[in-house]
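What follows is calculated from the coordinates using simple rules that are stated; it is not laboratory data. Only a predicted model underlies this, so the values are computations on that prediction, with no experimental measurement involved. Glycine also receives a Cβ, built like all others from the backbone with ideal geometry; neighbour counts cover every protein chain displayed.
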Amino acid sequence: MGHILGSIVYASIGFVYLWIRYRNSEKVAEVKQEYYEDRYAVAGMKLLLSIIGIIFMVALLIALFGIIYIILTRPPSAP
């Protein structure tokens, strides 16, 4: 059941993404076949994973800069 629901969600996202991006049925069919194994679900999955990856990288960079800022601005402690 979960696999079917996931495929429906991915396919819906992939369908909307490809139609918004290309707006031509021939171009959508060509790109879908060439890059996404002729499946909307693959397009949706790749789109969502890339968005999640970007969010993860931004969060890591914010944490890294925060740690560096704290280290550099904290006064040294006396022994």
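For region 25-38, the Karplus equation 6.51 cos²θ - 1.76 cosθ + 1.60, evaluated at θ = phi - 60°, returns couplings of 4, 5, 5, 4, 5, 5, 5, 4, 6, 6, 10, 10, 6, 6 Hz by residue, with Gly and Pro reported as x. Computed from the C-beta positions of Arg21 and Leu61, the FRET efficiency with R₀ = 35 Å rounds to 0.80.
Cα-based radius of gyration for the chain, normalised by 2.2 N^0.38 Å, reads 1.81. In terms of the mean number of neighbouring beta-carbon atoms within 10 Å, the peptides 25-35, 9-19 order highest first as 9-19, 25-35. Shown in residue order for region 64-75 are the 3J(HN,Hα) couplings computed by the Karplus curve 6.51 cos²θ - 1.76 cosθ + 1.60 at θ = phi - 60°: 4, 5, x, 5, 5, 4, 5, 5, 6, 9, 7, x Hz (x for Gly and Pro).
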